[in-house]
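The values are calculated or read from the model by the stated rules, or taken from the named source; none is laboratory data. Here the structure is a predicted model, which means the values were calculated and not measured. Using ideal geometry, Cβ is built from the backbone for each residue, glycine included, and neighbour counts are taken over all protein chains shown. Accessible surface is based on the protein model in full, side chains and every heavy atom, while ligands, DNA and RNA are left aside. Shrake-Rupley method; radii C 1.70, N 1.55, O 1.52, S 1.80 Å.
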Amino acid sequence: MTTPLNSNSLQDSAPGTSPVATDEPPLRVMALHALLYCERLFYLEEVEEIRVADANVYAGRRLHDDVVPLDDESPEQRSMELASETWGLLGKVDAVRRRDGAWVAYEHKKGRCRRGDDKQVLPWPSDRIQAVAYAVLLEEELGEPVSQARIRYHADNVTAFVEIDESAKRDLRQAIERACELRRTAERPPVTENERLCKSCSLNVVCLPEEERLADAGEPHTPTLFPSNRERHTLHVVAHKAYVSRSGETLVVKTDDDKQSVPIQQIDAVVIHGYGQMTTQAIHLCAHHGVSVGWMSRGGRFIAGTSASPGRVQQRIRQYHALTEPENCLRLSCALVRAKVESQLRYLMRGTRGNKGARNSCRQDIGLIREALRKIDGAATLDSLRGLEGISAKAYFASLPLLLGERVPDEMRPHGRSKHPPRDRFNCLLSFGYGMLHGLVHRTLLGVGLEPAFGFFHQPRTAAPPLVLDVMEIFRTPLVDMPVVGSVNRAQWHQDDDFVIARGHVWMSDQGRKKAIALFEQRLEESYKHPHTGQSLSYVRMVELEARLLEKEWTGSPGLFAQLRMR
Ligand code: SF4
């Protein structure tokens with residue numbers, strides 16, 4: 001299905017002159033197909049360079065490759081690369097055939113055709129414009145008139161005919177001009193009003209149309225287009241002398257006593273802990289498949305990572321504009337700090353429920369956190385907000401040990417908060433967990449096309465990218481503090497074998513590191529109901545959702561970011 005071309009937004013340009021300016025790159029014919037389907041889809045693909053090849057896209061490609069020659073008895077030309085400076089277009093037509101003494105451009109579509117009032121076979125507008133484009137390119141290439149294009153709809157087993165007359169060429173010219181107009185703007189077009197289009201759109205997980213409509217309408221409605229869990233998993237390479245290489249479409253991880261092969265399609269990221277090696281070929285394979293690679297220190301500190309999303313210039317320009325506005329930064333920071341402090345408060349309340357002694361002991365800290373919470377909305381500057389966040393964090397960590405059960409040995413209890421380096425086992429677990437969270441948020445931000453170095457709350461003073469530190473705040477309690485406290489209470493840690501103590505500093509041992517990674521990954525798979533969208537998502541998807549909702553704060557749907565709270 002498609003939306004009709006919005007003729008009001010288009011203007012005629014003089015026939016004979018190229019609708020694409022000479023200093024602009026040519027347009028792909030497929031991009032015009034996207035434009036007629038939904039202008040926002042065109043913008044995401046062509047301007048922001050976000051392309052997701054989903055199962056339907058692959059099915060379409062297979063159709064082009066496999067079905068065309070089987071489907072026709074006399075294909076003169078199976079497919080043909082075409083380009084025209086006059087039209088400013090390039091593309092590859094599925095097939096070119098001679099019919100009744102004239103050349104015809106053929107397109108093959110997996111789906112169903114459109115039906116007219118009396119059930120006649122019609123092409124969808126996006127398919128029609130694509131067929132018209134191939135026909136005019138073919139006409140120029142062959143130097144012979146091409147007066148017809150045909151579209152084969154395989155689900156219905158019917159063919160739609162497209163006449164290539166002056167009216168068709170005028171529509172094509174207008175579509176190209178509209179595409180060029182959109183390429184020059186920094187504003188994403190709004191989501192389409194035709195909700196049915198979004199269900200089969202390959203970019204619905206990036207666009208989040210339902211969340212945007214939810215924000216606009218304020219009506220109760222649970223989004224369903226954002227997948228509730230990830231389809232691929234993170235490959236953690238922990239062994240000291242691990243060596244990661246490539247064999248075809250597979251990553252091969254060799255250690256002293258083991259060798260494992262993992263198909264690249266099963267991986268969403270590779271994380272190398274410590275000093276494992278990775279070949280250039282393996283890094284190329286990851287880059288080609290959009291798999292990010294991150295390096296962590298053995299202590300769990302994020303060191304560096306590759307980006308799976310080069311380009312996306314317009315997306316970053318919008319981020320820079322939004323986050324150089326002090327009011328935007330303050331508004332987002334208030335939402336962020338409120339989310340973090342409320343989660344900390346709720347966790348302390350929940351953890352001491354039914355335990356009179358613990359509740360009494362943390363009463364003063366809870367009071368301090370509540371007071372900070374009350375003042376957040378009135379904070380006039382980022383500095384005052386940072387002060388409130390600092391007061392709350394100090395009170396929270398002072399009371400956090402009260403959530404540990406009586407049976408927890410003293411060796412596993414924290415003695416204050418120590419970070420660089422941690423000085424006890426509990427702090428070691430927290431620091432390692434925060435390092436893992438840092439790596440996850442960093443690659444998630446890169447994956448959605450945001451610039452991690454440009455944040456709104458944290459200052460760009462340290463090596464850590466501020467936006468990563470910002471987004472991490474929402475997830476510190478649910479993804480690190482809670483699993484760590486829970487695992488210590490369940491006596492999951494061996495105080496000698498899982499830790500290494502040297503000169504008063506505490507690190508994870510190889511065994512402990514594996515257990516900590518497993519704990520973190522297990523937590524990422526657990527699902528939680530987002531309080532605003534009402535959707536039940538795994539935590540790993542929740543991190544991605546928050547990154548995308550953050551971007552919506554400056555692309556037309558503010559108010560959805562940082563609504564996540566612990567129950
Ligand atoms: S999800 Fe809907 S609004 Fe977004 S690009 Fe696709 S069709 Fe357009």
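Some values worked out for this structure:
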| read-out | value |
| --- | --- |
| Selection within the range 321-368 - of a type in the set (Ser, Thr, Tyr) and in a helix (DSSP H, G or I) | Ser333, Ser343, Tyr347, Ser361 |
| In the range 552-567, the residues that are under 14 Å from Asn328 (Cα atoms) and surrounded by fewer than 22 Cβ atoms within 10 Å (Cβ to Cβ) | Lys552, Glu553, Trp554, Thr555, Gly556, Ser557, Pro558, Gly559 |
| Any hit, the range 159-167, residues being over 26 Å from Ala105 (Cα atoms), outside any loop (DSSP other than H, G, I, E, B) and more than 16 Å from the ligand (Cβ to nearest atom) | no |
| Which numbered condition Asp117 misses (of (1) at pLDDT 90 or above; (2) assigned to a loop (DSSP other than H, G, I, E, B)) | (1) |
| Residue list for the range 27-65, filter: at pLDDT 60 or above, within 16 Å of the ligand (Cβ to nearest atom) and among the charged types (D, E, K, R) | Glu39, Arg40, Glu45, Glu46, Glu48, Glu49, Arg51 |
| Number of the exception - Val68 against (1) more than 25 Å from Pro189 (Cα to Cα); (2) at pLDDT below 50; (3) open to solvent by 20 Å² or more (accessible area, probe 1.4 Å) | (3) |
| Hits in the range 100-114 - residues which are in contact with a helix residue (DSSP H, G or I) (Cβ under 8 Å, 6 or more places away or on another chain) and in a loop (DSSP other than H, G, I, E, B) | Lys110 |
| Residues satisfying the stated conditions in the range 318-356, i.e. among the β-branched types (Val, Ile, Thr) and over 18 Å from Pro466 (Cβ atoms) | Val341, Thr352 |
| Neighbours by Cβ (under 6 Å, 6+ apart or cross-chain): first from the range 197-208, more than 17 Å from Pro125 (Cα to Cα) and more than 6 Å from the ligand (Cβ to nearest atom); second charged (D, E, K, R) and open to solvent by 20 Å² or more (accessible area, probe 1.4 Å) | Ser202/Asp54; Leu208/Arg548 |
| Counted residues, the range 120-150 - those being more than 22 Å from Arg98 (Cα to Cα) and in a loop (DSSP other than H, G, I, E, B) | 2 |
| Matching residues in the range 71-102 - criterion: being open to solvent by less than 40 Å² (accessible area, probe 1.4 Å) and modelled with pLDDT under 65 | Asp72 |
| Test: residue in the range 308-325 that is more than 20 Å from the chain's Cα centre (by Cα) and either touching a residue at least 60 places away in the same chain (Cβ under 8 Å) or over 30 Å from Gln459 (Cβ atoms) (or both) | yes |
| Pairs, first within 13 Å of Asp127 (Cα to Cα) in the range 29-48, second acidic (Asp, Glu) and not in a loop (DSSP other than H, G, I, E, B), C-beta under 9 Å, six or more apart | Met30/Glu45; Ala31/Glu45; Ala31/Glu46; His33/Asp127; Ala34/Glu45; Ala34/Glu46; Leu35/Glu46; Leu36/Asp127 |
| Strands (runs of 3 or more DSSP E) contained entirely in the range 471-567, each with at least 1 residues that are at pLDDT 85 or above and within 30 Å of Arg318 (Cα to Cα) | 536-538 |
| Subset tally (residues that are within 8 Å of the ligand (Cβ to nearest atom) and free of Cβ contacts under 8 Å to residues at least 24 places away in the same chain) for the range 184-196 | 1 |
| Which listed residue is in a helix (DSSP H, G or I), within 27 Å of Arg548 (Cα to Cα) and either free of Cβ contacts under 8 Å to residues at least 60 places away in the same chain or open to solvent by 50 Å² or more (accessible area, probe 1.4 Å) (or both), from Leu402, Leu446, Leu373 | Leu373 |
| Matching entry among Arg513, Arg523, Arg476 (being in contact with a His (Cβ under 8 Å, 6 or more places away or on another chain), under 24 Å from Lys419 (Cα atoms), open to solvent by less than 60 Å² (accessible area, probe 1.4 Å) and charged (D, E, K, R)) | Arg513 |
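The rows are residues; the columns are (1) among the hydrophobic types (A, V, I, L, M, F, W, C); (2) under 29 Å from Arg541 (Cβ atoms); (3) surrounded by fewer than 20 Cβ atoms within 10 Å (Cβ to Cβ).
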residue	(1), (2), (3)
Leu235	yes, yes, no
Val244	yes, yes, no
Thr250	no, yes, yes
Asp256	no, no, yes
Gln260	no, yes, yes
Pro263	no, yes, yes
Gln266	no, yes, yes
Tyr275	no, no, yes
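Quick grid of which residues meet (1) open to solvent by 40 Å² or more (accessible area, probe 1.4 Å); (2) out of contact with any Phe, Trp or Tyr (no Cβ under 9 Å at 6 or more places or on another chain); (3) at pLDDT 85 or above:
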residue	(1), (2), (3)
Ala155	yes, yes, yes
Thr159	no, no, yes
Lys169	yes, yes, yes
Leu208	no, no, no
Gly218	yes, yes, no
